1. What distance in nm separates the simple spin-label points at ALA221 and PHE22, each placed 7 Å from Cα in the Cβ direction?
2. By the gyration tensor of its Cα atoms, with a ≥ b ≥ c the square roots of the eigenvalues, what is the shape of the range 1-135: rounded for a/c under 1.5, prolate for a/b over b/c, or oblate?
3. Arranged from highest to lowest average of other beta-carbon atoms within 10 Å per residue, in what order do the peptides 240-249, 58-67 appear?
4. Rounded to the nearest 0.05, what FRET efficiency is calculated for LEU190 and ALA113 with R0 set to 41 Å and r the Cβ-Cβ distance?
5. Over the chain, with every protein chain in place, what whole percent of the accessible area is carbon and sulfur at 1.4 Å, could you tell me?
6. For CYS90 and VAL74, calculate 0.36 nm times their separation in residues minus their Cα-Cα distance, and state this gained length in nm to one decimal.
7. What shape does the range 164-208 have by the C-alpha gyration tensor, where a ≥ b ≥ c are the square roots of the eigenvalues, rounded means a/c under 1.5, and otherwise prolate means a/b greater than b/c and oblate the rest?
8. Between ARG103 and ARG180, what is the FRET efficiency for a Förster distance of 22 Å, r being their Cβ-Cβ separation, to the nearest 0.05?
Amino acid sequence: MKPSLAGRIWPNATAIALAAGFVFPVYWMFNTAFKPTRDIISEDPVWLPFHGTLEHFATAVHAPNFWALAGNSVIVTVLAVGLSLVIALCGAFALTRMRFKGRRGILLTFMVAQMAPWEVMVISIYLIVRDADMLNSLLPLTCFYLLMVLPFTLLTLRGYVAAVPRELEESAMVDGCSRRQAFLKVVFPLLAPGLMATSLFGFITAWNEFPLVLVLNKEPATGTLPLWLSQFQSQFGDDWGATMAAASIFAVPILVLFLFLQRKAVGGLTSGAVKG
């Protein structure tokens, strides 16, 4: 039985209203970044910056330590996500294809680690890094970011590896492939959606992380972009255009990555969540 017209309109109208509520702050951020200062402080809101300017973006990128902190963010994020994918893929394959004592305990440990809020451990982490004389260094930051994204990555990839029939590997091995060759040539290509989904989550987590870098990397040139963004308003006072331009620059890599990976990411998340 087909739903009535009212039954189709209300769900769609609700979805559109929710989407507009989520998208509007992002739109206003970019809108303010491109507007001249006179339009920003005007009492009448300017919905479209017909006379847009790049002045605020120039102010943002010429702020102190911007390029150094942008490089730091790229380094720690790429290293943390890349290492987590390699470790989690090996662990997911072992937990899915092999049977050994303590397997359930390992899974339970990763589930508990996934549920634990990292913010409550900031003081302990700071004491460990301080005693190791590694404050204001990218190495401990990368290691802790790796530990933050690893549980989710392993649990998601485990479900996705479990969705690949074991018979495919066995057939490849019968045809002369070793276990390693069967994994690389048969299983690994089928894991692309899962790898994209987990890499997207890991990138967002590491790119946006703020409490740890605030505590561990206080030197101006050793932090990451979230720390730079938090100090931007205090540097430039009430320059809302430059502040919104800085926020836009910070958000663009995540938006671009999400738009590029969104189809594969959704498929990878759902497959990893319901199988295995």
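1. Roughly 4.1 nm, to one decimal.
2. Numbers: a/c = 2.88, a/b = 1.31, b/c = 2.21.
Oblate, because a/c is 1.5 or more while a/b does not exceed b/c.
3. Working: 240-249: 22.0, 58-67: 14.8.
Ranked by mean Cβ neighbours within 10 Å, highest first: 240-249, 58-67.
4. Working: r = 27 Å, r/R0 = 0.66.
Given R0 = 41 Å and the Cβ-Cβ separation, E is 0.95.
5. On the way: 11160 of 15920 Å².
So the carbon and sulfur contribution to the accessible surface is 70 percent.
6. Values: separation 16, 0.36 × 16 = 5.76 nm, distance 2.43 nm.
That works out to 3.3 nm of additional length.
7. Values: a/c = 5.22, a/b = 3.38, b/c = 1.55.
Prolate, since a/c reaches 1.5 and a/b exceeds b/c.
8. Working: r = 21 Å, r/R0 = 0.97.
With R0 = 22 Å, the Cβ-Cβ based efficiency is 0.55.
The values are calculated or read from the model by the stated rules, or taken from the named source; none is laboratory data. Just so it is clear, the model here is predicted, and its values are computed rather than measured. Every residue, glycine as well, gets a Cβ built from its backbone with ideal geometry; the counts of neighbours run over all protein chains shown. Surface accessibility is based on the protein's heavy atoms, side chains included, excluding ligands, DNA and RNA. Shrake-Rupley method; radii C 1.70, N 1.55, O 1.52, S 1.80 Å.
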